[in-house]
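The values are calculated or read from the model by the stated rules, or taken from the named source; none is laboratory data. As the structure is a prediction and not an experimental result, all values here were calculated from the model. Backbone-built Cβ (ideal geometry, glycine too); neighbour counts: all protein chains shown.
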Amino acid sequence: MAMRLLDKDLVPELIVSSPALRALTTARNFAQVWNKPLSQIREESAIYEANISTLLSILNKLDDKFERVALFGHNPGFTEFANYLSNSNLHNIPTCGVVLIEFPFEEWKLASLHTGSMEHFDYPKSSDED
């Protein structure tokens with residue numbers, strides 16, 4: 001999945017991950033493919049078992065110098081959060097699934113209910129790689 005994003009020039013400037021082993025291992029694997037130093041992965045303990053409100057708080061507090069950010073975490077929270085932000089109707093983001101949501105503004109604090117649009121959705125077993 002990391003290579004698919006690299007091939008589409010969708011590499012983020014910041015990686016934020018749950019400290020849970022599976023999420024953090026995935027974030028590290030992606031970082032290596034993207035040639036990002038592992039030391040630049042920001043661990044955010046609140047992502048673990050986070051609800052929409054918690055994830056929104058994390059997103060809203062991001063530094064605006066980062067145009068593209070990758071969040072690594074867990075379901076069902078991440079699927080619910082993607083639907084909340086983009087008014088999408090995803091049933092489930094599969095393991096290692098990727099959702100790209102774009103916003104019509106440059107300030108993370110403005111992200112809220114249905115302010116984004118889902119521009120990309122992919123997962124390992126997907127036959128449609130856009």
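Which residues, taken from segment 1-36, are part of a loop (DSSP other than H, G, I, E, B), closer than 19 Å to Leu62 by Cβ and not basic (Lys, Arg)? Selection gives Leu10, Val11, Pro12, Glu13, Ser18, Pro19, Trp34. Scanning segment 85-130 for residues that are crowded, with 16+ Cβ neighbours inside 10 Å and outside any loop (DSSP other than H, G, I, E, B) yields Leu85, Ser86, Val98, Val99, Leu100, Ile101, Trp108, Met118, Phe121, Asp122.
Could you check, for segment 38-57, whether at least one of its residues is charged (D, E, K, R), at pLDDT 95 or above, farther than 23 Å from Phe103 by Cβ and not in a loop (DSSP other than H, G, I, E, B)?
Yes.
Of everything in segment 49-63 that is among the small types (Gly, Ala, Ser) and under 18 Å from Pro19 (Cβ atoms), the residue that is surrounded by the fewest Cβ atoms within 10 Å (Cβ to Cβ) is Ser57.
Can you find a residue that is surrounded by 18 or more Cβ atoms within 10 Å (Cβ to Cβ), within 16 Å of Phe81 (Cβ to Cβ), under 13 Å from the mean Cα position of the chain (by Cα) and not aliphatic (A, V, I, L, M) anywhere in segment 21-34? No, the conditions are met nowhere in segment 21-34.
I'm trying to understand the selection: among the residues of segment 69-81, which are surrounded by fewer than 21 Cβ atoms within 10 Å (Cβ to Cβ) and under 13 Å from the mean Cα position of the chain (by Cα)?
Val69, His74, Asn75, Gly77, Thr79, Glu80
The combined condition, being surrounded by fewer than 16 Cβ atoms within 10 Å (Cβ to Cβ) and either modelled with pLDDT of 95 or more or not in a loop (DSSP other than H, G, I, E, B) (or both), is fulfilled by Phe66.
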